[in-house]
Amino acid sequence: MLKRIRPENLDVLSTFLEKKVALPVYNTIVNSISGTTIYKNIKPILEDKKFLYCIYDFPSYLKGSITNTSWKLKSINTYKGSLILLKNYDNSDDYLKHKFSSGRRSKFRTYQRRLETCFNIEYKSFFGAISRSEYDALFEAFHKMIKNRFLEKKIQNYDLSRWDTYYEIAYPLINSEEAALFVIYNNTKPISICLNLVRDKTIYGYIRTYDIDYSKFYIGFTDFIKQLDWCFNNNIEIFDLLKGNYPYKTKLIDTQYDFQKHVLYNSKSILTRLSANIIVTRTRVFYALVRFLKKLHFNVLYHNFLKYKYRNRELGKIDTDSKKVVVEKLKLIDSSEDLINVDINNKSFYYLKRPVYYFLYTTQESINTIEVFKFQNKKSTYLIKGKNNIFKITFQ
């Protein structure tokens, strides 16, 4: 009896995209934007296997059809998703012209140009081939960057809780051209990594992060434009940015859609029909209440509560006292000062990287033409000397 009233819960993203497992009951799934059939099942449905399924996070632009008249489908809109219809643009430049002002586009170019001026930058994409050793090294860096970023933000991160799953699935998906890994390197060090899943002519923005020491360079925008170039070169028609109502997404997207919860049930069973209707009613009431509370801005209070509830517990294990950095521009170096040369790549001086990179961004100098010194007789005081500029920085 339980199998007639208890649903099997499946998530489209983890089941269909990550694990490449067929979704039950549907005979075909069509992408209504591209017009392509992305899934077709010619096998008959086994009547005695399951009676009730709840399929979560089903994008509304995907249309599932069922030919077996015993099975019924009810869908409920849940959260908003967002995407970019790349097929409406000729290339990255065309997209940027439609979405951003000339001043904003100029800023994007400035971010990229300064990044490439200050560091030895290389862009790589892995799609169809990656060695195990390179994959392992990149995922180790990927994990570390996400962890550091969310330690700084003082909140937990959902992706870290699923990291073992991502690590397991991504390697075969990349090698079978069902996922793409985008990496920005400074020399051989990854400073930005993004994993996207690919299905037919759609790419799904999945996990992304960057090295927080490079925050001044806004490398997220440079990374995104490089991904756009890759998409146009590989005939991708849809860039799906999935869930999450973040300000940066609002600026990038041109289309919104609904994520849906699909309730699939075998209508031959009275108990199953009753259970399905209860689930549908309860779900509709819940999301109607969510939308009502959003209008009253209760969602802001709720998110603040979640930030407190899911604050990063690891913060108690590390020193998170942020120190104020005072920057002073000098004309000359006082010859009487006792200075010691320091290597910012030494772990002992990790805290110097961000102010040094700020110096590079501001002065447009290369990391290869500067020197960093510590004042021997002044506490927490350092000097950055470039070809044309000298900064003294003091941690207070």
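Things to note:
- Residue among Y135, Y79, Y111 that alone is within 25 Å of the chain's Cα centre (by Cα), at pLDDT below 95 and hydroxyl-bearing (S, T, Y): Y79
- Close pairs from the range 328-349: first within 14 Å of I390 (Cα to Cα), partner surrounded by 10 or more Cβ atoms within 10 Å (Cβ to Cβ), Cβ under 6 Å, at least 6 apart: E328/K392; K329/F391; L330/I390; L330/K392; L339/F373
- The range 253-290, residues that are out of contact with any helix residue (DSSP H, G or I) (no Cβ under 7 Å at 6 or more places or on another chain), aromatic (F, W, Y) and open to solvent by less than 60 Å² (accessible area, probe 1.4 Å): Y257, F259, Y287
- Matching entry among K107, K80 (being surrounded by fewer than 15 Cβ atoms within 10 Å (Cβ to Cβ), among the basic types (K, R) and touching a strand residue (DSSP E or B) at 6+ places or on another chain (Cβ under 9 Å)): K80
- Residues that are assigned to a strand (DSSP E or B) and open to solvent by 50 Å² or more (accessible area, probe 1.4 Å) within the range 159-217 comprise K189, R208, Y210, listed in sequence order.
- Residue list for the range 347-376, restricted to those being among the polar types (S, T, N, Q) and in a helix (DSSP H, G or I): S348, T362, T363, N368, T369
- Answer residue from the range 375-384, given it is touching a strand residue (DSSP E or B) at 6+ places or on another chain (Cβ under 7 Å) and surrounded by fewer than 16 Cβ atoms within 10 Å (Cβ to Cβ) and is nearest to I344 (Cα to Cα) among those: S380
- Condition check for I344: modelled with pLDDT of 90 or more, hydrophobic (A, V, I, L, M, F, W, C), in a loop (DSSP other than H, G, I, E, B) and open to solvent by less than 50 Å² (accessible area, probe 1.4 Å): yes
- Cross-chain or 6+ apart pairs with Cβ under 7 Å, the range 359-374 first and in contact (Cβ under 8 Å) with a residue 24 or more places away in the chain and open to solvent by less than 30 Å² (accessible area, probe 1.4 Å), then of a type in the set (V, I, T) and not in a helix (DSSP H, G or I): F359/I384; V372/V342; V372/I344; V372/I384
- Meets criteria (in contact with a strand residue (DSSP E or B) (Cβ under 8 Å, 6 or more places away or on another chain), modelled with pLDDT of 95 or more and over 24 Å from N157 (Cα atoms)) for V327: no
- Residues within the range 1-23 that are modelled with pLDDT under 90, assigned to a loop (DSSP other than H, G, I, E, B) and open to solvent by less than 60 Å² (accessible area, probe 1.4 Å), tallied: 2
- Filtered residues of the range 127-155 (kept if closer than 16 Å to A179 by Cα and free of Cβ contacts under 8 Å to residues at least 24 places away in the same chain): S131, E134, D136
- Candidates K387, K392 - the one that is basic (K, R), outside any helix (DSSP H, G or I) and either open to solvent by less than 60 Å² (accessible area, probe 1.4 Å) or under 13 Å from D213 (Cα atoms) (or both): K392
- Pairs are defined by a Cβ separation below 8 Å, a sequence spacing of at least 6 or placement on different chains, a first member in the range 86-110 that is touching a residue at least 24 places away in the same chain (Cβ under 8 Å), and a second member that is small (G, A, S) and surrounded by 14 or more Cβ atoms within 10 Å (Cβ to Cβ); the pairs so defined are K87/S34.
- Residue match in the range 250-270 (condition: over 13 Å from Y53 (Cα atoms), basic (K, R) and within 21 Å of the chain's Cα centre (by Cα)): yes
- Against the list (1) modelled with pLDDT of 95 or more; (2) under 27 Å from S32 (Cα atoms); (3) crowded, with 16+ Cβ neighbours inside 10 Å, the condition N234 fails is (3).
- Of all residues in the range 64-71, one or more are closer than 30 Å to K294 by Cβ and either at pLDDT 90 or above or touching a Pro at 6+ places or on another chain (Cβ under 6 Å) (or both).
- Scanning the range 218-227 for residues being more than 25 Å from Y171 (Cβ to Cβ) and open to solvent by less than 10 Å² (accessible area, probe 1.4 Å) gives a total of 1.
The values are calculated or read from the model by the stated rules, or taken from the named source; none is laboratory data. From a predicted model like this one, the values you see are computed outputs, not experimental measurements. Positions of Cβ are backbone-derived with ideal geometry, glycine not excepted, and every protein chain shown enters the neighbour counts. What goes into the accessible areas is simple: the full protein's heavy atoms, side chains included, and nothing from ligands, DNA or RNA. Shrake-Rupley method; radii C 1.70, N 1.55, O 1.52, S 1.80 Å.
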